[in-house]
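Here is the structure we will look at.
The values are calculated or read from the model by the stated rules, or taken from the named source; none is laboratory data. These numbers come from a predicted model, not from an experiment. Glycine also receives a Cβ, built like all others from the backbone with ideal geometry; neighbour counts cover every protein chain displayed.
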Amino acid sequence: MSYQPRQRQFNPDDVPWDRLLLITPVVILVLIIVYLGWNAVYTVETDERAVVMRFGRYSETVGPGLQFCIPMVDKVLKVKTSEQSFQLPDADAASTDGYGYAPDEGAALMLTGDLNAVFVRWTVVWKVEKPKDFLFRFYQEGGRQSEYSENVIRTISQTVMNQLIGDYSIGEVLTEKREDIQDLAREQTQAILDEYACGVRINDLRLQSVMPPTEVRPAFDAVNSAMQERDQRVNEGNRTRNELLPKAKAEKDKLIREAEGYADRRRAEANGEINALLARYRAYARAPEVTRQRLYIEAMERVLGNVENKVIVDADMRGQILPLLQLDKGGDQ
């Protein structure tokens, strides 16, 4: 016959109720303290900012590091403040046409001011600059405010870009106005966001590609080639002009200086001749007969100065028979 121990029945009187009643409040208090201590400490990452709401009202914005709050009183909402970026329109599957466009990319098609169509893609880089304004403007349950705010920025950026593309011709959009368009797009997008007071800053907005539709792309490629050749010829012409223009200016200055020197010389000579004539006039006025005789002698000196053979006839022989003069023999007589 096997032995079976008799089971002991539970007797409530055996429970130390007085000890349990003493320990239970202590355990509950310890659990409450652990719970409060666990929820009173939180960590903010380096790329985050924390907005503290106390009793449902804004209290403060704290930076990275180990932070403290009042459990069940404070509500901590974290916001990423690092740069974020997205491409517009949303990238479709990669195409094989060599330009990065899928044939069905209707979202990237925009109308220019001269009623031509172009494919436009651009990138927006943004960040949260004021976490408080960002949360109050874009608050969403479940922390979806970043996704919601990105959709808002997408809509604003697309509206601004469509408007700007419509203000320029297709030639300007494809060539020299690209920098102006992306700068204006960034400024106008930022201006609209500032009106919303959402605490978002657009750090960069850059056009990635602007291309004509596939059907007319060969023609535009030919136009671009012609424009590049034109620019090359213009640059060559400017280079030649820059080489020849200084030489021409130097030659011009040389001729001007020579002409001025000649004019000064001729002016001095004319003034000298005038002064000499005036001096002779004054001398003639003082002694007319002497001056007349001197002028006659000077004139004869100039006339006869270059004559090699001269014949001098004595004044006393006037009225007499002219002597025979052998003209074939030189000499003075």
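Could you figure out which of (1) over 18 Å from Q158 (Cβ atoms); (2) surrounded by 10 or more Cβ atoms within 10 Å (Cβ to Cβ); (3) among the polar types (S, T, N, Q) isn't true of T189?
(1)
Restricting to segment 126-175, name every residue that is aliphatic (A, V, I, L, M), closer than 22 Å to G63 by Cα and at pLDDT 90 or above.
Listed by number, the list holds a single entry, V128.
Determine the pairs where a residue that is without any contact (Cβ under 8 Å) to a residue 12 or more places away in the chain, located within segment 275-288, has a partner that is assigned to a helix (DSSP H, G or I) and of a type outside the set (A, V, I, L, M, F, W, C) with Cβ atoms under 6 Å apart, the partner being 6 or more residues away or on another chain.
As it stands, the answer is A283/T291; Y284/T291, since those pairs meet every condition given.
Restricting to segment 43-63, give me the number of residues that are more than 12 Å from K132 (Cα to Cα) and of a type in the set (G, A, S).
2
I need the full set of residues from segment 194-222 which are among the aromatic types (F, W, Y) and without any contact (Cβ under 8 Å) to a residue 24 or more places away in the chain, in order please.
Listed by number, the list is empty, since nothing qualifies.
Would you confirm whether or not segment 22-41 contains a residue that is at pLDDT 75 or above and under 30 Å from Y148 (Cα atoms)?
yes
Conditions (1) touching a Lys or Arg at 6+ places or on another chain (Cβ under 8 Å); (2) in a helix (DSSP H, G or I), marked per residue:
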residue	(1), (2)
V118	no, no
W126	yes, no
Q182	yes, yes
N203	yes, no
Q208	yes, no
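Buried (at least 16 other Cβ atoms within 10 Å of the Cβ), outside the structural domain of L135 (by TED's automatic domain parsing) and either hydroxyl-bearing (S, T, Y) or more than 30 Å from M161 (Cβ to Cβ) (or both): which single residue out of M72, M53 fits that description?
M53
Output yes when any residue across segment 237-260 is more than 30 Å from E176 (Cα to Cα), in a helix (DSSP H, G or I) and either hydroxyl-bearing (S, T, Y) or assigned by TED's automatic domain parsing to the domain that holds T175 (or both), and no when none is.
Taking every residue of segment 237-260 in turn, none turns out to be more than 30 Å from E176 (Cα to Cα), in a helix (DSSP H, G or I) and either hydroxyl-bearing (S, T, Y) or assigned by TED's automatic domain parsing to the domain that holds T175 (or both).
Between L164, L184, L135, L115, which is over 20 Å from the mean Cα position of the chain (by Cα) and free of Cβ contacts under 8 Å to residues at least 40 places away in the same chain?
When all the criteria are applied, what remains is L115.
So C198 fits all but one of (1) under 18 Å from V118 (Cα atoms); (2) outside any helix (DSSP H, G or I); (3) of a type in the set (A, V, I, L, M, F, W, C); what number is the exception?
All conditions are met except number (1).
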